[in-house]
Amino acid sequence: ALNPFIGAITTYKGFILRINSAKIIKKHHNYQPGTIIKAKTTLIVACGKHMLELDSLQYGGFFISSASEFIERLKPEKGEIFGNE
């Protein structure tokens, strides 16, 4: 997710979701990887031992958007899981 040329790919609500940039949050959690931990003003997702704060994403054939635009358009909720379709 930190390499702009490769990125990370998952799915969400039937869309293919490409994570273009993110920040690592070195905080342990007990969530399943891919679980949305926060989706109000920022988008934080469980990932292995730590978390990712997603900065920019591309979903479906749409343009690259900020996490706040993604939240506004697709309305993700805490507890939902990326790649769980």
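The values are calculated or read from the model by the stated rules, or taken from the named source; none is laboratory data. Computed from a predicted model, the values in this text were never measured in an experiment. We place every Cβ from the backbone using ideal geometry, glycine too, and count neighbours over all the protein chains shown. These area figures cover heavy atoms from the full protein model, side chains too; ligands, DNA and RNA do not enter into them. Shrake-Rupley method; radii C 1.70, N 1.55, O 1.52, S 1.80 Å.
Scanning the chain for trypsin sites (Lys or Arg not before Pro) in DSSP loops with at most 14 neighbouring Cβ atoms within 10 Å leaves 50-77 as the longest stretch between them.
Per residue, the solvent-accessible area of the chain (1.4 Å probe, heavy atoms of protein chains only, all protein chains present) comes to 62 Å². Taking Cα extents along the principal axes in Å straight from the coordinates, which label in [x] 48, 27, 20; [y] 33, 26, 24; [z] 35, 28, 19 is the correct one? The listed entry that was calculated here is [y]. Its Cα centre serving as origin, the chain has a Cβ charge dipole (Lys and Arg +1, Asp and Glu -1) of approximately 260 debye. A Förster radius of 25 Å, combined with the Cβ-Cβ distance separating PHE62 from LYS38, puts the computed FRET efficiency at roughly 0.65.
Among the protein heavy atoms of the chain, carbon and sulfur supply 57% of the accessible surface, probe 1.4 Å, non-protein parts ignored. Label-to-label distance, HIS50 versus ILE81, with points set 7 angstrom from Cα along the beta-carbon direction: 2.3 nm.
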